[in-house]
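Heads up: the structure comes next, in structure tokens.
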Amino acid sequence: MPVINGDRLLRDLETLRTFGKCGNGVVRQSLSEVDMESRRWLVERMADAGLDARIDGIGTVFGRSRNPGKALLVGSHTDTQPTGGWLDGTLGVMYGLETVRAFAESRETRDLAVDVASWIDEEGTFFGLLGSKMFCGLVGEAELDGASDAGGRTLRAALRDAGLEGSFVERCVPDRYRAYMEAHIEQGPWLEEEKRRIGVVTGIVGIRSLSIRFEGQQNHAGTTPMARRRDAGAALVTFASRVHEVFASHAGPRSVWTIGTIRLEPGAASIIPGRAWLTLQFRDADEALMDRLGDLVEDLVRECNACGPVTVSIEPAKDRTAAALMDAGLQRYLEAAAERHAPGAWMAMPSAAVHDAQNLAQVLPSAMLFVPSKDGISHAFEEDTSREDIVLGCQVFADAVASILLEGT
């Protein structure tokens, strides 16, 4: 089996970290100047490894193997949150690159085909999971036309400024590939708490997001008697409390839900809010349970409208991410490799965060590997993973990829 070069892997991870480095973390949002610099660097590293590499018309870096036969596609992302960590996504891309280099150095694997992708905008600066959705044919031109960042800059303008407008966009050709594999930091506490070093992902959560609107009557906070108020803010607070109560009674063991934004109008201390909004997001790997939680929200809306005096309505979110199961056969290869290199120190587990793999799972057999996140922290400058776990995870990953390709030849 191929032997990865841990020092080489860590050097490249540290180099990529310098593009947008901010303290311990990284600020490298999609299609920014520093992001494009990092993508051009990555193209060079892929070319050095013998891949035909380019940045496609949507911003994804794609390295194609020159070896014959069915390829295995490896990918993740190198863009970050507005204030992100240095390993989120980046780890999986560099595992792919190191796997290609280790394969080339082994007589047993040097003729195997592995393609590597760094998907654009997984983090949603313009459009969440954009690169993998484009590759899989899951997003249309109209959706691209309507995409913009928080400052109002359109995706089309960003692509034009990056010199990508009109360039060829990579699309999945299923006949080329045997499977898709992705590695990632866990971004949660479970591996560390269970004292395990490798996670084999069984499925990836779906996400539902709803905007709940409350319509009351704006009025004077001092002169309006309590019994005559139609206070949209008070209705919002009551509704939020009921969501937590009801979800806690019906959710699964890994269900999570978040009220991430609240807005009151006009938002002044001496005015009763006439309108209010909150966003509710919930996640689980069980689509049927997600449907049930959505039904419970609708029940709560009907309950609030029946009681009054504020009118409540649901505004469905424009984007919805479906849960995805990982391929059982691919999981067995990861489990076998984990047992060889970390006997008894791995576990099967669901992913509580979304990943590009759930898009690829719609067109190719797909699987994921996790390594621990220190203190369960991610999407923050404090994000980190021990160097020993980074190297171990790459060796397990490369072994699994080799086994999949060798047993299929």
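The values are calculated or read from the model by the stated rules, or taken from the named source; none is laboratory data. Predicted model only: the values in this text are computed from it and were never measured. With ideal geometry, Cβ positions are generated from the backbone for all residues, glycine too; neighbour counts draw on all protein chains shown. For accessibility, only protein heavy atoms count, side chains too; no ligands or nucleic acids. Shrake-Rupley method; radii C 1.70, N 1.55, O 1.52, S 1.80 Å.
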Matching residues, segment 306-327, being surrounded by fewer than 13 Cβ atoms within 10 Å (Cβ to Cβ), under 17 Å from L210 (Cα atoms) and modelled with pLDDT of 95 or more = S313
message = I'm trying to understand the selection: among the residues of segment 150-166, which are surrounded by 12 or more Cβ atoms within 10 Å (Cβ to Cβ) and at pLDDT 95 or above?
response = R153, T154, L155, R156, A157, A158, L159, R160, D161, A162, L164
query = Can you name the number of the only condition in (1) among the basic types (K, R); (2) touching a Leu at 6+ places or on another chain (Cβ under 9 Å); (3) without any contact (Cβ under 8 Å) to a residue 60 or more places away in the chain that R387 fails?
reply = (3)
task = Considering only residues that are in a strand (DSSP E or B) and open to solvent by 10 Å² or more (accessible area, probe 1.4 Å), look in segment 181-218 and name the one that is farthest from L364 (Cα to Cα).
result = E215
ask   = What are the residue pairs meeting all of these: first residue in segment 22-46, first residue within 10 Å of D79 (Cβ to Cβ), second residue open to solvent by 10 Å² or more (accessible area, probe 1.4 Å) and assigned to a strand (DSSP E or B), Cβ atoms under 8 Å, and 6 or more apart or on different chains?
value = R39/I55
request  = Pairs only if they're at least six apart or on different chains, beta carbon under 6 angstrom, first in segment 259-284 and open to solvent by less than 60 Å² (accessible area, probe 1.4 Å), second charged (D, E, K, R) and not in a strand (DSSP E or B); list them, first residue then second.
outcome  = I272/R229; I272/D231
note = Only unsatisfied item for E298, checking (1) buried (at least 18 other Cβ atoms within 10 Å of the Cβ); (2) free of Cβ contacts under 8 Å to residues at least 40 places away in the same chain; (3) in contact with a strand residue (DSSP E or B) (Cβ under 8 Å, 6 or more places away or on another chain), is (1)
task = Mind listing just one residue for me: the one in segment 92-125 that is in a loop (DSSP other than H, G, I, E, B) and crowded, with 24+ Cβ neighbours inside 10 Å and, of those, nearest to the chain's Cα centre (by Cα)?
result = E122
request  = Please tell me if E335 is more than 16 Å from the chain's Cα centre (by Cα) and charged (D, E, K, R).
outcome  = yes
task = Just name the residue that is least open to solvent (accessible area, probe 1.4 Å) out of those in segment 39-49 that are more than 15 Å from G163 (Cα to Cα) and either touching a Ser or Thr at 6+ places or on another chain (Cβ under 8 Å) or of a type in the set (K, R) (or both).
result = L42
